[in-house]
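See structure below.
The values are calculated or read from the model by the stated rules, or taken from the named source; none is laboratory data. No experiment lies behind these values; they were computed from the predicted model shown. Because the Cβ atoms are built from the backbone with ideal geometry, glycine has one as well, and the counts that use them run over all protein chains shown.
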Amino acid sequence: MRADHASYACGAALGFLGDLAAGDPRRGHPVAAFGRAAAAAERLLWRDHRAHGAAYTALCAGGAAAAAALLTRTVRNATGSPGAEVALTAAATWAVLGGTSLRREAETIGAALAAGDLAAARERLPHLCGRDPHALDEQQIARAVVESVAENTSDAVVGALVWGALGGVPGLVGFRAVNTLDAMVGHRSPRYRRFGWASARLDDLAGWPGARLTAALTTVAGPDPRGARRAWRRDGGAHPSPNAGPVEASFAGALGVRLGGTLAYGGRVEHRPVLNAEGRPVEFRDIARATRLSGRVAALALTASIAGRLAGAAARSALRGARAGRRPTGSRGGAA
């Protein structure tokens, strides 16, 4: 097995542990730096046209992945040290994962609701999702938090690990760049309906495998596997998002709660289908249950992604060996 695959496995595990221990830094986060660069590019490139948005997406996401590939190649060629590749992979994994900060934000809101401090919960909710919190009651805030934990378990953890397993450090960085662009310009506001179209569609494509793996792992890690499978199969396709639907439905079934329904984003009201309609309304106690489920899913995703990368490397190595064994060893020339 090539050393770079083993280096990736070690680095991904170390980066995952780093996120568990420290979460996101309050200042100087690499993703925030990318966001500032993308915002500067938007000011230069914005036009109310899909083609300009596609160019912007290619420049930002493609540039981030290309820079990561160049850095990986430079580290490999300049040092020749597996330890340097492990360190680079660990740093990239820690930078793109957001599971610990996600769970901390959710638990902060849950603690405010448990203390009866609805005002504090409303004030904190925008740190987790883009919904308008001012008209939300306790149950609606709890539902918003559980839905955000479910969706971001896929976006901030599992999806990144999947693309890391497929593409190494460039896969990690490229996925986080695409996901960040979708958060910045992918929503359907008048300004971004055309310009953000490419970012939103690319995020749908990039998030597809991670969302399905998240839903599948939820059926394993949740307290009600059968309920998770049933809700995913029945309700996952009803959600307007092709990736949030399976994840939120499986979380709803696993936790025995009802998600979906009416919600508001920046003055825009949406009426979404109900997920797991036979479940009970979400309570503030369900926030802690959702964060524990998110943590278990994340740990399983790390195991699955590393195992998948190592198994793929072993299979490719075996295939190359088999081809080499079939190759003729004698002269191809005619008779003397």
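Computed quantities for the displayed model
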quantity: Top-ranked residue in the range 141-157 [being in contact with a Ser or Thr (Cβ under 9 Å, 6 or more places away or on another chain) and polar (S, T, N, Q); ranked as surrounded by the fewest Cβ atoms within 10 Å (Cβ to Cβ)]; calculated: N152
quantity: In the range 183-205, the residues that are over 13 Å from the mean Cα position of the chain (by Cα), in a helix (DSSP H, G or I) and not hydrophobic (A, V, I, L, M, F, W, C); calculated: S199, R201
quantity: Selected residue [at pLDDT 95 or above and under 30 Å from G186 (Cα atoms)] from A13, A87, A40, A22; calculated: A40
quantity: Answer residue from the range 47-57, given it is of a type in the set (A, V, I, L, M, F, W, C) and in contact with a helix residue (DSSP H, G or I) (Cβ under 7 Å, 6 or more places away or on another chain) and is farthest from S199 (Cα to Cα) among those; calculated: A55
quantity: Hey, L293 surrounded by 15 or more Cβ atoms within 10 Å (Cβ to Cβ), of a type in the set (A, V, I, L, M), at pLDDT 95 or above and touching a helix residue (DSSP H, G or I) at 6+ places or on another chain (Cβ under 7 Å) or not; calculated: yes
quantity: W208 being under 14 Å from the mean Cα position of the chain (by Cα) and aromatic (F, W, Y); calculated: yes
quantity: Condition met for A67 (surrounded by fewer than 22 Cβ atoms within 10 Å (Cβ to Cβ) and either small (G, A, S) or modelled with pLDDT under 95 (or both)); calculated: yes
quantity: Any chance A78 is modelled with pLDDT of 95 or more and either crowded, with 16+ Cβ neighbours inside 10 Å or among the small types (G, A, S) (or both); calculated: no
quantity: Test: residue in the range 11-24 that is of a type outside the set (K, R) and closer than 25 Å to A200 by Cα; calculated: yes
quantity: Helices (runs of 4 or more DSSP H) (entirely within the range 68-157) containing at least 2 residues that are in contact (Cβ under 8 Å) with a residue 60 or more places away in the chain; calculated: 82-96, 99-114, 138-153
quantity: Residue check for A12: within 21 Å of L310 (Cα to Cα), touching a residue at least 24 places away in the same chain (Cβ under 8 Å) and part of a helix (DSSP H, G or I); calculated: yes
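Okay, residues lined up against (1) over 26 Å from A13 (Cα atoms); (2) modelled with pLDDT of 95 or more; (3) surrounded by fewer than 24 Cβ atoms within 10 Å (Cβ to Cβ); (4) of a type in the set (G, A, S):
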residue: A120; (1), (2), (3), (4): yes, yes, yes, yes
residue: D137; (1), (2), (3), (4): yes, no, yes, no
residue: N179; (1), (2), (3), (4): no, yes, no, no
residue: D182; (1), (2), (3), (4): yes, yes, yes, no
